[in-house]
Amino acid sequence: MEFKKHLMILEVIERLNKYGSWTGKTHVQKALFLLSATGKAVVPFQFVLYKHGPYSFDIEDEMEQMKGYAGIVSAPMSGYGVTLDTGSSAPFIRKEARLTDGEKAEIERVCKFVGSKKVTELERIATAAWIRTRENITDAVKVAARLHALKPHVSTSEAAEADCAVLPLLNGKKSPV
């Protein structure tokens, strides 16, 4: 078991809950991708651009493993999906691994940004971050056009809004409450 990975997932779940997130699997996935995209923390997961934006099969596997030993728990969310929370073995994870103060601060900042955003909004924002950081497209008009090309259900104006929303996070600025 790689407890540093588990601790990073655990911290993201706790911080998302703190900032009013539904804290479903998608929220954890997108928060960890955005954490990676900021470049301010080493995120030990591989991401691919998938159906609903950046996705990590590694994170999914690690969360299932964590559920197996009660590091995290999931509960059905009325209407759709599950919500995640810390489990009874969370103290064990904290004993086995550590995060630096810088990693904790960046997780806090990203989770505050993600907050109570909906899955559809996170898809757009994370995809805009992918385009900027993985495809190295930095012109706002080109980012919006690329996002719309990848996700035709996202209008060009929604794509531009998502790109505008993610810029402060990528540039290291604090997000408003």
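Some notes on this structure:
- Filtering the range 8-43 to residues that are of a type in the set (Phe, Trp, Tyr) and over 13 Å from the mean Cα position of the chain (by Cα) leaves only TYR19.
- From the options VAL28, VAL82, residue that is β-branched (Val, Ile, Thr), under 25 Å from THR127 (Cα atoms) and touching a Ser or Thr at 6+ places or on another chain (Cβ under 8 Å): VAL82
- Per the listing GLY102, GLY68, the residue uniquely modelled with pLDDT of 95 or more, closer than 27 Å to LEU169 by Cα and small (Gly, Ala, Ser) is GLY102.
- Of the residues in the range 63-81, none is touching a residue at least 24 places away in the same chain (Cβ under 8 Å), closer than 30 Å to PHE3 by Cβ, under 16 Å from the mean Cα position of the chain (by Cα) and surrounded by fewer than 16 Cβ atoms within 10 Å (Cβ to Cβ).
- When we screen SER116, SER56, SER89 for residues that are under 25 Å from ALA162 (Cα atoms) and in contact with a Gly (Cβ under 6 Å, 6 or more places away or on another chain), the only hit is SER116.
- The residues of the range 155-171 that are of a type outside the set (D, E, K, R), in contact with a helix residue (DSSP H, G or I) (Cβ under 7 Å, 6 or more places away or on another chain) and closer than 20 Å to PHE33 by Cα, listed by number, are ALA159, ALA160, ALA162, ALA165, VAL166, LEU169, LEU170.
- Qualifying positions in the range 101-113 - acidic (Asp, Glu) and within 25 Å of ASP163 (Cβ to Cβ): GLU106, GLU108
- Search result, residues across the range 129-143 that are in a helix (DSSP H, G or I) and more than 22 Å from VAL42 (Cβ to Cβ): ALA140, VAL141, LYS142, VAL143
- Any chance THR127 is in contact with a Lys or Arg (Cβ under 8 Å, 6 or more places away or on another chain) and touching a residue at least 24 places away in the same chain (Cβ under 8 Å): yes
- Selected residue (only one of ALA144, ALA90 is closer than 18 Å to LYS18 by Cα, modelled with pLDDT of 95 or more and buried (at least 19 other Cβ atoms within 10 Å of the Cβ)): ALA90
- Qualifying residues in the range 152-176 (those that are of a type outside the set (Ser, Thr, Tyr) and touching a residue at least 60 places away in the same chain (Cβ under 8 Å)) - the one surrounded by the most Cβ atoms within 10 Å (Cβ to Cβ): VAL166
- Residue match in the range 119-126 (condition: crowded, with 19+ Cβ neighbours inside 10 Å, of a type outside the set (Gly, Ala, Ser) and touching an Asp or Glu at 6+ places or on another chain (Cβ under 7 Å)): yes
The values are calculated or read from the model by the stated rules, or taken from the named source; none is laboratory data. Worth saying up front: this structure is predicted, and the values here are computed from it rather than measured. Neighbour counts are summed over all protein chains in view; Cβ atoms, including those assigned to glycine, are modelled from backbone coordinates with ideal geometry.
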